[in-house]
Amino acid sequence: MKHRNSHLLVGYWSRLRKGRAVPDQTDIDPRAIKRMLSSVFILDVENPARPIYRLAGTGLCERFGFELKGTGFLAHWEAQSSIALASLLRQALTLRQPVCLSSIGATADCGMVELETILCPVSFNGEEPTRFIGMIQVLSDQSLLAGKPIAFQRLAASQLVREDEPLPSHDNLPPPPPPPPGLTSLRNHPRAPHLRLVVSQSRPAATVHFADAAALDLIKTLGKGLGRLAPV
């Protein structure tokens, strides 16, 4: 995971579990994640082939150009990415683990940015997990979108996330430190968690689903501007 808020959301999800495999959606307190709320969404994945936004923050709706509630999560993804994502969502629910998606988002005018999406499985009213609390962050220079909504997404890479220790309480978070040149590293912060991305060896094909050479080259180019990131 590259964005600080991605680490914060996974840490919050981990604390909510309280010994359970996954937390329940009713445990989520919007006040605890208010700094990130405009980029947060709830995804209903009862049918992994047709995941639906149940709720979506105002920032996400503006980024995609319309109200996302009730619409399909895969609507903006190209065909091969959609197939890969349906399988990946099933795996994340089965393993009860968050998943990190790296993708390229493009406007109708071909303005492109790198996106990072975090999906953390949750149950609803104590039943089997069929939902995710998620968040989408723009990693590169948002001015490349020229104020236009994202109309297309292509999956570049995906990995399951396993945390070594939870994040501290959001109420006690210090102000974010200035980012160093290049990629921001949470491990440099004295109160940072140790989160790592892992690949499930039992089903490797379903963990890293799609890596398009052109998309990965574009991510490397966009990554030069990641040092300018700031949390929402």
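Considering the stretch 34-80 alone, what residues qualify as being in a helix (DSSP H, G or I), in contact with a Leu (Cβ under 9 Å, 6 or more places away or on another chain), touching a residue at least 24 places away in the same chain (Cβ under 8 Å) and within 20 Å of residue 137 (Cβ to Cβ)?
Answer for the stretch 34-80, where residues must be in a helix (DSSP H, G or I), in contact with a Leu (Cβ under 9 Å, 6 or more places away or on another chain), touching a residue at least 24 places away in the same chain (Cβ under 8 Å) and within 20 Å of residue 137 (Cβ to Cβ): 38, 39, 59, 60, 63, 73, 74.
Has the stretch 26-35 got at least one residue that is under 18 Å from residue 123 (Cα atoms) and crowded, with 21+ Cβ neighbours inside 10 Å?
No, that holds for no residue.
For every residue, the table says whether it meets (1) surrounded by 20 or more Cβ atoms within 10 Å (Cβ to Cβ); (2) over 23 Å from residue 13 (Cα atoms).
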{"position": "40", "(1), (2)": "yes, no"}
{"position": "59", "(1), (2)": "no, no"}
{"position": "71", "(1), (2)": "no, yes"}
{"position": "78", "(1), (2)": "no, yes"}
{"position": "98", "(1), (2)": "yes, no"}
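Hey, residue 2 hits all of (1) modelled with pLDDT of 90 or more; (2) crowded, with 17+ Cβ neighbours inside 10 Å but one; which does it fall short on?
Of (1) modelled with pLDDT of 90 or more; (2) crowded, with 17+ Cβ neighbours inside 10 Å, only one is false for residue 2: (1).
Among residues belonging to the stretch 109-125 that are part of a loop (DSSP other than H, G, I, E, B) and in contact (Cβ under 8 Å) with a residue 60 or more places away in the chain, point out the one that is surrounded by the most Cβ atoms within 10 Å (Cβ to Cβ).
So the residue we want is 124.
Right, residue 86: in contact with a Pro (Cβ under 7 Å, 6 or more places away or on another chain) and free of Cβ contacts under 8 Å to residues at least 40 places away in the same chain or not?
yes
Just for the stretch 126-153: of the residues that are under 18 Å from the mean Cα position of the chain (by Cα) and charged (D, E, K, R), which one is surrounded by the most Cβ atoms within 10 Å (Cβ to Cβ)?
131
Please verify whether residue 64 is of a type in the set (Phe, Trp, Tyr) and under 19 Å from residue 22 (Cα atoms), treating the condition exactly as stated.
no
Would the stretch 131-139 turn up any residue that is modelled with pLDDT under 95 and in contact with a Gly (Cβ under 7 Å, 6 or more places away or on another chain)?
Within the stretch 131-139, not a single residue is modelled with pLDDT under 95 and in contact with a Gly (Cβ under 7 Å, 6 or more places away or on another chain).
For the stretch 24-80, what are the residues that are within 21 Å of residue 99 (Cα to Cα) and of a type in the set (Phe, Trp, Tyr)?
Passing the criteria: 41, 53, 73, 77.
Just give me the residues in the stretch 89-108 being polar (S, T, N, Q) and touching a residue at least 24 places away in the same chain (Cβ under 8 Å), in sequence order.
If the condition is that a residue be polar (S, T, N, Q) and touching a residue at least 24 places away in the same chain (Cβ under 8 Å), then 91, 97, 102, 103, 107 are the ones that fit.
The values are calculated or read from the model by the stated rules, or taken from the named source; none is laboratory data. Keep in mind that this is a model prediction, so the values were computed, not measured. Ideal geometry is used to build each Cβ from the backbone, glycine not excepted, and the neighbour counts take in all protein chains shown.
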